[in-house]
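One structure is given here, and the rest of the page talks about it.
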Amino acid sequence: MTGPDIGVLGAGAFGTGLAIALAQTGRRVTLWARDAAQVARMQAERENTARLPGAPFPDSLTVTAELAEAATAPILLLAVPTQQVRRLAEAHAAALAGRWLVACCKGVELDTGLLPTQVLQAVLPGARVAVLTGPSFAIDIARGKPTALTLATAHGGAELQEALATHNLRLYLAEDVIGAQLGGALKNVVAIAAGVVLGAGLGESARAALMTRGFAEIGRLAQARGGQRETLFGLSGFGDLVLTCTSEKSRNFRHGLTLGRGEVPDAAQTIEGVMTAHAIAAQEDADTMPVTCMVSALLKGAVSLDEAKDLLLSRPLRHERG
């Protein structure tokens, strides 16, 4: 039997959405989930009712609880949470070797401050890595809604771009892997803050100001870490920021909205922006990354919402480009 063209590791909403979209073109796609019971349900229902209900599986999509089955594909999309990337790579290093490894998660590793592709390269030196990122919701991708994403890699990538693009999933190739990942990671932090602002009733004008200043600090950090500011004006930066900060489909925005209303967020949800805020705040100062550091402090309970607002508003006046 011919093996899959593409393997998707991780059957959360985004991994499932990508697997469906790619399989709709007739590509042979294998979707891997760690939980055998979840796999059995998906096989029986031909749908991921737990993570992406209302999106049936195409005939060319198979699901498995055996990672080795999915890893026979030449292209592997890693759609597990950022904090699980290292563990996955270490546990399955032999199976992942020699494949294209495309990180489809957005975040920063808490203990090291490394980005997903940096984690992969640390565990698998010499691996061909890329990142797929940008403004997208899983259900839109699965239902064939027009979506544009950034595919960033330092290893050429034209053939990979061709292999992963579909009629409704338009991919723009880039070389700035660092900038693309920082845009995707930090927009989640700003989205939490934007949700807090609206949940607390501070208004749309406050959200617009927060998004703008948050975007400025994302650019500063990207440039300081070897990325390019220009990257942040594209899909992986500005585009993703706008979507995530303005829609309740965003888990990070909803998380902030709940906090701003004084309610308790759903602990079962993976909120990548939480760990990203803590990871960046541990390495950067509040003058360089005021929004990110304040979000981290707020999430830890180190400051109240009123204190966070007053501290941000009382910062010294400065030039807008500063």
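A short reminder: the numbers here are calculations on the coordinates, not readings from a lab. Since the model is a prediction, treat every value here as computed from it, not as a measurement. In this analysis, Cβ positions are derived from the backbone assuming ideal geometry, glycine residues included, and neighbour counts consider all displayed protein chains.
I need to check one value: relative contact order of the range 166-322, counting alpha carbon pairs closer than 8 Å and at least 6 residues apart, in percent.
29
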Checklist entry - With the radius of gyration and the Kirkwood radius both derived from the Cα set of the range 182-313, what is their ratio Rg to Rh? => result 0.93
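Between Asp59 and Ala122, how high is the FRET efficiency from 1/(1 + (r/R0)^6) when r is the Cβ-Cβ distance and R₀ = 30 Å? Nearest 0.05.
E(calc), rounded to 0.05, equals 0.20.
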Checklist outcome for this item: Taking Cα atoms only, Rg over Rh for the chain with Rh from the Kirkwood formula is 0.97
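Pairs of alpha-carbon atoms within less than 8 angstrom and 6+ residues apart define the contacts here; what relative contact order does the chain have, in percent?
15
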Checklist outcome for this item: At 4 °C and 1.567 mPa s, the Stokes-Einstein diffusion coefficient in µm²/s for the range 13-63, with hydrodynamic radius from the Kirkwood sum on alpha carbon pairs, is 122
Next on the checklist: Cut-off is 10 Å between beta-carbons; in what order do His255, His92, His319 appear when sorted fewest neighbours first?
Outcome noted: His319, His92, His255
Checklist outcome for this item: Rounded to one decimal in nm, the spacing of the 7 Å Cα→Cβ label points at Asp287 and Thr72 is 5.8
Checklist entry - Say a site is exposed when it is one of the GluC sites (Glu not before Pro), sits in a DSSP loop, and has at most 13 other Cβ atoms within 10 Å; what is then the longest site-free stretch of the chain? => result 67-247
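Using 0.36 nm times the number of residues separating Ala158 and Gln84, minus their current alpha carbon distance, what extension gain do you get?
Details: separation 74, 0.36 × 74 = 26.64 nm, distance 2.81 nm.
That pair, Ala158 and Gln84, stretches by 23.8 nm at full extension.
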Checklist entry - How much length is gained if the chain between Thr25 and Ala94 is pulled fully straight, taking 0.36 nm per residue apart and subtracting their Cα-Cα distance, in nm to one decimal? => result 21.9 nm
Checklist outcome for this item: Most exposed to least, judged by fewest other Cβ atoms within 10 Å, Thr133, Thr231 sort to Thr231, Thr133
Item to check | Normalised contact order of the range 6-175, rounded percent, pairs of Cα under 8 Å and 6 or more residues apart | outcome: 21
Checklist outcome for this item: Per GNM of the chain with C-alpha springs under 10 angstrom, the most fluctuating residue out of Gly126, Gly214, Gly183 is Gly126
Checklist entry - Label points 7 Å out from Cα along the Cβ direction at Glu230 and Thr166: separation in nm? => result 3.2
Checklist entry - Expressed as a whole number of Å, what is the distance separating the alpha-carbon centroids of the range 51-78 and the range 188-221? => result 35
Checklist outcome for this item: Most exposed to least, judged by fewest other Cβ atoms within 10 Å, Ile178, Ile20, Ile192 sort to Ile178, Ile20, Ile192
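Placing +1 at every Lys and Arg Cβ and -1 at every Asp and Glu Cβ, with all other atoms neutral, what dipole size does the chain have around its Cα centre, in debye to the nearest 20?
I would put it at about 260 debye.
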Item to check | Theoretical FRET efficiency, 1/(1+(r/R0)^6), r = Cβ-Cβ of Leu312 and Ala268, R0 35 Å, to 0.05 | outcome: 0.70
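Please give the FRET efficiency for Glu204 paired with Arg143, using the beta carbon to beta carbon distance and R0 = 25 Å, rounded to the nearest 0.05.
0.30
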Checklist entry - Between the helical axis of 272-281 and the dominant principal axis of the chain, each derived from Cα atoms, what acute angle in degrees is found, rounded to the nearest 10? => result 50
